[in-house]
Amino acid sequence: ARYLHMKFPDDQYNVLHVAANIDQFEKDILPVLIAMEESDLILFCYPVYSMLVPSQMMHFMEIVKSAKTQLNGKYMTQITTSEHFFDMTAHRYVEENCNDLGMKVLPGLSQRSGDLL
C-alpha cells in the first residue's frame with residue numbers, strides 16, 4: 001500500500017489499520033463507514049498465515065456487514081502476502097463478504113513478502 005502511495009502521490013489515500021484498531025472500530029465504526037462510502041476503491045492488504053484472513057479482519061468484516069452500510073458499486077481488491085498455501089481461500093472469503101455488501105470485486109494479488117519488493 002505504501003508503494004502505491006509513493007508511486008501515485010497525487011491520489012488520495014485513507015489508511016485504516018484494522019488489526020491495531022479493531023477494539024476502537026467495535027465501539028465506533030461510523031468514521032470507517034464514511035471513509036469507505038467516500039472511497040472509489042477499497043484495497044484490503046493483509047498477510048495470509050494459515051489459509052485465512054487474520055481474525056481482526058474477519059471481525060472487521062462482521063462489523064461492517066452488521067452496520068448495513070451502502071457500499072453498492074464500490075470497487076474492491078486485495079493485496080496479500082503468503083507462501084501461496086491456500087491463499088485463494090482467504091481471497092475468496094474477502095471477495096464473498098464484499099459481494100454481500102454489493103461491491104464490485106477486482107482480482108487481487110498474492111505474493112511472497114520478498115516478491116513485493
Worksheet entry | Neighbour net charge for Gln12 - beta-carbon separation under 12 angstrom, K R +1, D E -1 | -4
Item to complete: Give me D for the chain in µm² s⁻¹, whole number, from Stokes-Einstein with Rh from the Kirkwood sum over alpha-carbon pairs, 37 °C and 0.692 mPa s.
Response: 222
Worksheet item: How many angstrom separate the Cα center of region 90-117 from the Cα center of region 1-29?
Response: 16
Discussion item. With a 1.4 Å probe and all protein chains kept in place, how much accessible area does Lys74 have, in Å² rounded to the nearest 10?
Written reply: 40
Discussion item. Just to be sure I understand: if I project the alpha-carbon convex hull of region 16-69 onto a plane and average over all orientations, what area do I get in nm²?
Written reply: 3.8
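Suppose accessible area is computed on protein heavy atoms with a 1.4 Å probe; arrange Tyr46, Tyr3, Tyr13, Tyr93 from highest to lowest. Intermediate values should be presented prior to the final figure.
Numbers: Tyr46 15, Tyr3 140, Tyr13 85, Tyr93 55 Å².
Descending accessible area places them as Tyr3, Tyr13, Tyr93, Tyr46.
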Worksheet item: Toward the positive end of the charge dipole of the chain, about the Cα centre and with charges on Cβ (Lys, Arg +1; Asp, Glu -1), which of Met88, Gln24, Met103 goes farthest?
Response: Met88
Item to complete: Rank these residues by their accessible area, most exposed first, probe 1.4 Å: His91, His84.
Response: His84, His91
Worksheet item: Rank Thr69, Thr89 by accessible area, highest first, at a 1.4 Å probe radius?
Response: Thr89, Thr69
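Percent relative contact order of the chain, based on C-alpha pairs within less than 8 angstrom and at least six residues apart? Please list the in-between numbers first.
On the way: 142 pairs, mean separation 29.9, N = 117.
Relative CO of the chain lands at 26 percent.
Only Lys, Arg, Asp and Glu count, each charged at its Cβ (+1, +1, -1, -1), so figure out the dipole size of the chain about its Cα centre, rounded to 20 debye. Don't jump to the answer; show the numbers that get you there.
Values: 9 positive and 15 negative charges, 21 e Å.
Computed charge dipole of the chain: roughly 100 debye.
The values are calculated or read from the model by the stated rules, or taken from the named source; none is laboratory data. Values in this document were obtained by computation on a predicted structure and should not be read as measured data. Here the Cβ is made from the backbone with ideal geometry for all residues, glycine too, and neighbour counts use every protein chain on show. Protein only, heavy atoms only, side chains kept; ligands, DNA and RNA dropped before computing areas. Shrake-Rupley method; radii C 1.70, N 1.55, O 1.52, S 1.80 Å.
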